[in-house]
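Engineer: Let me give you the structure first, and then I'll get to my questions.
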Amino acid sequence: MKKRDWNKIIRNDFDYDYGFLLKLERHKLKRMKKFFESKECIIADSERLFIVRDIRICINLLNMILEDKFNNRYTNIRNSKRFIPDFQNFLMPESIIKKVVREEKVWYLYHYIRYNRMRYWWE
C-alpha cells in the first residue's frame, strides 16, 4: 500500500470512534476485491466469483454503516426478535423501529460474512 493511501485514512484516527476501524476494513476490502478480480489471483474462477461477491457485499454493508443509510428501504420486522431481543418492548413509531431493525441486520450480516467466509478467502 502506498504511503499516501494510508495518510488519507490515518488523518482521521480517533480512539473513541469505531468508524475508524470500519474505514480501515473497507479500504482493505476494496484492495482485496481488486486483487481477487485481477489476473494475479490464481484460484478457480467459480471460487473467485464467490469471494468477490462476499467482499462486495461487505463493502456495501460497511458503506451503509458508515454513512448511516438505514432509512427508506423495505425492512422485514417479523424476525426482529432475532436481532433485538426485547423488540416487543419498543414503544416507538414503526419507521424508527424499522430503522433500528435494519441497522442491526446490516451489522449482523457484515459480521456473519466475516466470521464464516473471511478465513477461507485465502485457502
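The values are calculated or read from the model by the stated rules, or taken from the named source; none is laboratory data. Because the structure is predicted, anything quoted here is derived from the model rather than measured. FYI the Cβ positions are ideal-geometry reconstructions off the backbone, even for glycines, and counts take in every protein chain you see. Protein only, heavy atoms only, side chains kept; ligands, DNA and RNA dropped before computing areas. Shrake-Rupley method; radii C 1.70, N 1.55, O 1.52, S 1.80 Å.
Engineer: Taking the stretch 34-52, which residues are open to solvent by less than 50 Å² (accessible area, probe 1.4 Å) and either in contact (Cβ under 8 Å) with a residue 24 or more places away in the chain or acidic (D, E) (or both)?
Structural biologist: F36, I51
Engineer: Okay, next question. Considering (1) more than 23 Å from V52 (Cα to Cα); (2) loosely packed, with under 10 Cβ neighbours inside 10 Å; (3) modelled with pLDDT under 75, say which one F90 fails and leave the rest.
Structural biologist: If we test F90 against (1) more than 23 Å from V52 (Cα to Cα); (2) loosely packed, with under 10 Cβ neighbours inside 10 Å; (3) modelled with pLDDT under 75, just (2) comes out false.
Engineer: Taking the criterion of being more than 26 Å from V100 (Cα to Cα), modelled with pLDDT under 75, in a helix (DSSP H, G or I) and acidic (D, E), would at least one residue in the stretch 34-44 satisfy it? Spell out the reasoning first.
Structural biologist: So in the stretch 34-44, the residues more than 26 Å from V100 (Cα to Cα) come out as 34-44.
Narrowing the set further to residues that are modelled with pLDDT under 75 leaves none.
No: the stretch 34-44 contains no residue that is more than 26 Å from V100 (Cα to Cα), modelled with pLDDT under 75, in a helix (DSSP H, G or I) and acidic (D, E).
Engineer: Hey, S95 hits all of (1) farther than 26 Å from R26 by Cβ; (2) of a type outside the set (A, V, I, L, M, F, W, C); (3) at pLDDT 80 or above but one; which does it fall short on?
Structural biologist: All conditions are met except number (3).
Engineer: Pairs, please: C-beta under 6 Å, at least 6 apart or cross-chain, first residue in contact (Cβ under 8 Å) with a residue 12 or more places away in the chain and surrounded by 10 or more Cβ atoms within 10 Å (Cβ to Cβ) and in the stretch 112-123, second in a helix (DSSP H, G or I) and not aliphatic (A, V, I, L, M)?
Structural biologist: Pairs that qualify, where the first residue is in contact (Cβ under 8 Å) with a residue 12 or more places away in the chain and surrounded by 10 or more Cβ atoms within 10 Å (Cβ to Cβ) and the partner is in a helix (DSSP H, G or I) and not aliphatic (A, V, I, L, M), are I113/D54; I113/C58; R117/D54.
Engineer: Only one of I55, I97, I77 is under 19 Å from the mean Cα position of the chain (by Cα), hydrophobic (A, V, I, L, M, F, W, C) and surrounded by 15 or more Cβ atoms within 10 Å (Cβ to Cβ). Can you tell me which? Quick ask: steps written out before the conclusion?
Structural biologist: On the way: I97 fails: under 19 Å from the mean Cα position of the chain (by Cα); I77 fails: under 19 Å from the mean Cα position of the chain (by Cα).
Residue meeting the stated conditions: I55.
Engineer: Report whether or not I65 is within 25 Å of Y18 (Cα to Cα), in a helix (DSSP H, G or I) and open to solvent by less than 80 Å² (accessible area, probe 1.4 Å).
Structural biologist: Working: within 25 Å of Y18 (Cα to Cα): yes; in a helix (DSSP H, G or I): yes; open to solvent by less than 80 Å² (accessible area, probe 1.4 Å): yes.
Considered against the rule, which asks whether it is within 25 Å of Y18 (Cα to Cα), in a helix (DSSP H, G or I) and open to solvent by less than 80 Å² (accessible area, probe 1.4 Å), I65 comes out as yes.
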